[in-house]
Amino acid sequence: MRHFISTLDWSRDELQQILDDAQAMKKGLTPRALEGRSVGLLFFNASLRTRSSFEIGVHQMGGLAVVLEPGRSAWPIAFEPGAVMDGEEEEHIAEVAQVLSRYCDLIGVRSFPKFQDWSLDRRDNVIHQIAKYATVPVVNMETITHPCQELALALTMQEHLGSTDGKKMLLTWTYHPRPLNTAVANSALIIAAKFGMDITLLCPNEDYLLDDRYMDAAREMTAAQGRSLTISHDIDSAYEGAQMVYAKSWGALPYFGRWDDEKPIRDAHKHFIVDEAKMARTDDAYFSHCLPVRRNVKVTDGVLDSPRSLAIDEAENRLHVQKAVLRRLITD
Ligand code: CP
């Protein structure tokens, strides 16, 4: 039994098989690989795309998706081993994961960081606790990485760029009024590295670099394939020659838990917005974003609505890649 928690646990060849299966399903019929089966979807955070694409994907494969929102439509859950549960939590993840494993054939989990202490958030405790007690495969629906989004991005890039090997990807931080999860940025970095791209990571300063776990993995994967990972804080040169521009906002890791200190720094970098002038410096690059996106804050209407924008294609591809992931996990 395998989990789909991080693509770092999966080889490029294995991921390509999933992408090929997703493409085949996109072009043809979806096998009813989940006929008579059930998938539990645990949402600790809000969602539009992830929830709808998982529910619809499971339905198209003949299965039943059960959405649970702990603390809202389901009991609040305790996670710490040995917890003395005299607070708000009504049950422990040990029971939740074991019980759901008796009902379900797969379990999906969305659990964002707490944004108070990155040294704790980087452990990704919730999904790892569920995987520890579950006896069925667990799928990451976004925690501190977003591997389903990664596959959707990879499929979308392959559809438009052909082979991604040696193609130039710019991953740019953008402004957002609130500090956001680093998950999609971590994921864009590692999937671009895994699939042999030359990557430039553009961000305001070193405090906005991503966790060493992902920076080091990306460096290793790019170096092993003769590719490069370049860090830049200079907008003009970073956009030069890019063939793919991927935008995301994220909170600076050293400022977790003291966001009032980070806010003036973030506010001073609103000019990182992706606009037509910046895109004009690229090699006619495609643009994408995981969505949801704040128009004219992260990206201008002109770029998002342009024929080079792949954001809607990428969102559609969530459906296809997730069905391929579920099929792979159920048959492994
Ligand atoms: N991209 C993405 O995961 O969207 P949702 O947060 O709406 O699920």
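Suppose the filter is in contact with an Asp or Glu (Cβ under 9 Å, 6 or more places away or on another chain) and either assigned by TED's automatic domain parsing to the domain that holds Tyr255 or surrounded by fewer than 21 Cβ atoms within 10 Å (Cβ to Cβ) (or both); does Gly87 pass it? In short, no. Answer yes or no: is there a residue in the stretch 184-200 that is out of contact with any helix residue (DSSP H, G or I) (no Cβ under 6 Å at 6 or more places or on another chain), more than 30 Å from His320 (Cα to Cα) and not aliphatic (A, V, I, L, M). No.
May I ask you to verify whether Phe54 is of a type outside the set (S, T, N, Q), within 30 Å of Asp260 (Cβ to Cβ) and outside any strand (DSSP E or B)?
Working: of a type outside the set (S, T, N, Q): yes; within 30 Å of Asp260 (Cβ to Cβ): no; outside any strand (DSSP E or B): yes.
The answer is no for Phe54.
Residues in the stretch 276-317 that are closer than 19 Å to Ala185 by Cα and without any contact (Cβ under 8 Å) to a residue 60 or more places away in the chain: 8 in all.
Checking the conditions here, which among Ile130, Ile144, Ile93 is crowded, with 23+ Cβ neighbours inside 10 Å, in contact (Cβ under 8 Å) with a residue 12 or more places away in the chain and under 23 Å from Asp332 (Cα atoms)?
Working: Ile144 fails: under 23 Å from Asp332 (Cα atoms); Ile93 fails: under 23 Å from Asp332 (Cα atoms).
The conditions single out Ile130.
Of all residues in the stretch 44-55, those that are of a type in the set (Val, Ile, Thr) have Cβ atoms under 9 Å from Cβ atoms of residues that are more than 8 Å from the ligand (Cβ to nearest atom) and modelled with pLDDT of 95 or more, 6 or more apart or on another chain, in Thr50/Leu41; Thr50/Phe43; Thr50/Gly108; Thr50/Gln322.
Condition check ((1) within 16 Å of the ligand (Cβ to nearest atom); (2) closer than 30 Å to Asp260 by Cα) across all residues:
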residue: Leu64; (1), (2): no, no
residue: Pro76; (1), (2): no, yes
residue: His128; (1), (2): no, no
residue: Ile144; (1), (2): yes, yes
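Note on the stretch 267-320: residues that are at negative phi and more than 16 Å from the ligand (Cβ to nearest atom) total 28.
The values are calculated or read from the model by the stated rules, or taken from the named source; none is laboratory data. All values reported here derive from a predicted model rather than from experimental measurement. Cβ atoms come from the backbone with ideal geometry, glycine included; neighbour counts cover every protein chain shown.
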